[in-house]
Amino acid sequence: MAQIDWGRLGFEYIKTNCHIEYTYKNGKWDDGKLVDNDTIEISIAANVLHYGQAVFEGLKAFSCADGKVRTFRDKDNASRMADSAKYVSMPEVPTALFQEAIDKVIKENIEYIPPYDTGGALYIRPFEFGSGPVMGVNPSDEYKFIVYVAPVGPYYKGGIKPVNAIILDDFDRTAPNGAGMYKLAGNYAAGMHSSKLAKEKGYPIVLFLDPKEHKYIDEFSTSNFIGISEEGKYVTPNSKSVLPSITNKSLIQLARDLGIEVEIRPIEFEEVKNFKEVGACGTAVVITPLSSITRNNLTLHFGEECGPVFMKLYSTLRDIQYGKISDIHNWNREII
Ligand SMILES: Cc1ncc(COP(=O)(O)O)c(C=O)c1O
């Protein structure tokens, strides 16, 4: 039985009972196997180690109010991973296989799912990489698809706390016609240096501008940009160098349900100073409001409290995920 202090959980890797591992060889995926050992052995010439054929996903399963365990929008993660895989010439993991893997791993790790009243969740990390040996820059002929899980703590322990963001004009997350809309491991490696610089300056998150002109808002290194405009509209960029966030897609729907007008369009940096609320959204915390954005000598301030629109959207999404209110869009999938 797992000994976990649910109250102290953050967002860290914890070894569980097992993960699931599938291999793609000779043009097809095998039946997969549950593996207790959380290390793998691959060739020193494996594509992933040199040329970076690697994509991943991140989603959560929740212990709900009625005692059931449900994942949130896992089909969308499956199709996003398939899109990412295609971009780096890897075989797609079909949605049915993706969901089967998730089901099996969750069922084998029931005691690691944070109970409903702890506010935590089971984080699910599916990933795929080129495991076959290559010398030249070519796609691998063998792939692994693995899903592991780890319990994570509540979104916010002491209430929602806005954070300070920084724009570092010397760095881009992606290229104008690059891979920003895919969840490639390499995108995150490329963002580590700027994130480190930002943290050293005291900013927990970096906001990237469009890589072509540095005129428009793109997104953060691990989340999308959202804002509430002067007129009260939900505004988010439609840049092609931004990852299509499943949280953002859900918040857009919830905003529309609440009668809030939504605009998905280029957002000039110049416009942001007029916004009433600005924030980052993603699976990890749903919404992180920003208290400020700094660019060179300029700092825009947005207040030290989470604004009312983000608060409402945040609690509605959370209530759907935990089964406290009706899942009218059919986003949750019952696992246990
Ligand atoms: C670059 C980037 N943008 C946005 C997101 C948010 O996406 P989602 O809401 O699907 O977690 C993530 C996290 O996966 C991310 O890494």
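The values are calculated or read from the model by the stated rules, or taken from the named source; none is laboratory data. Only a predicted model underlies this, so the values are computations on that prediction, with no experimental measurement involved. All Cβ positions, even for glycine, are placed from backbone atoms using ideal geometry, and neighbour counts span all protein chains on display. Side chains included, ligands, DNA and RNA excluded: accessible areas come from the protein's heavy atoms. Shrake-Rupley method; radii C 1.70, N 1.55, O 1.52, S 1.80 Å.
Quick notes on this structure:
- Estimated distance in nm for a label pair at Asp327 and Lys249, the labels positioned 7 Å out from Cα along Cα-to-Cβ: 1.6
- Summarising the strand pairing of region 226-327, around 80 percent of its internal DSSP beta bridges are antiparallel.
- Ile42 paired with Thr299, simple spin-label distance in nm, labels 7 Å along Cα-to-beta-carbon: 4.3
- Rounded to whole numbers, the Karplus 3J(HN,Hα) couplings from phi for region 321-336 are 4, 8, x, 7, 10, 4, 8, 5, 9, 6, 8, 8, 10, 6, 10, 10 Hz, using 6.51 cos²θ - 1.76 cosθ + 1.60 with θ = phi - 60°, and x at Gly and Pro.
- Where labels lie 7 Å past Cα in the beta-carbon direction, separation of Asp66 and Asn26 in nm: 4.5
- A simple count of charges around Gln3, restricted to other residues whose Cβ falls under 14 Å of its Cβ and scoring Lys, Arg +1 and Asp, Glu -1, yields 0.
- Considering only beta bridges that DSSP places wholly inside the chain, some 85 percent are antiparallel.
- Paramagnetic label reach from Lys107 (point 7 Å along Cα→Cβ; backbone nitrogen cut-off under 15 Å): within region 288-327, no residues.
- Gyration tensor (alpha-carbon) shape descriptor, the chain, a/c threshold 1.5: oblate
- Nearest-10 value in Å² for the accessible area of Leu122, using the 1.4 Å probe: 0
- Computed about its Cα centre, the charge dipole of the chain is approximately 180 debye, with only Lys, Arg, Asp and Glu carrying charge at their Cβ.
- Global geometry of region 224-289, whether rounded, prolate or oblate, following the gyration tensor of its Cα atoms and the 1.5 cut on a/c: rounded
- Each Lys and Arg adds +1 at its Cβ and each Asp and Glu adds -1 at its Cβ; summed about the Cα centre, region 6-152 shows a dipole of about 260 debye.
- Other-chain or far-sequence residues with amide H under 5 Å of Glu263's (modelled H): Tyr234, Val235, Thr236
- Using θ = phi - 60° in the Karplus curve 6.51 cos²θ - 1.76 cosθ + 1.60, the 3J(HN,Hα) couplings for region 280-285 round to 10, 10, x, 4, 4, 10 Hz; x is entered for Gly and Pro.
- Couplings 3J(HN,Hα) of region 78-93, computed from phi: 4, 6, 5, 5, 5, 5, 5, 4, 4, 5, 10, 6, 10, x, 6, 8 Hz, in residue order, whole Hz [Karplus 6.51 cos²θ - 1.76 cosθ + 1.60, θ = phi - 60°; x for Gly and Pro].
- Taking every DSSP helix (H) stretch of at least 4 residues in the chain, weighting each as -39,500 (n - 2.57) and dividing the sum by the residue count yields a mean residue ellipticity at 222 nm of -7000 deg cm²/dmol.
- Each Lys and Arg adds +1 at its Cβ and each Asp and Glu adds -1 at its Cβ; summed about the Cα centre, region 166-246 shows a dipole of about 260 debye.
- Computed extension gain for Lys233 through Met311, at 0.36 nm per residue and net of the alpha carbon distance, reaches 26.6 nm.
- Relative contact order of region 206-336, defined on C-alpha pairs under 8 angstrom at six or more residues apart (%): 21
- Between the alpha-carbon centres of region 220-278 and region 37-114 there is a gap of 27 Å.
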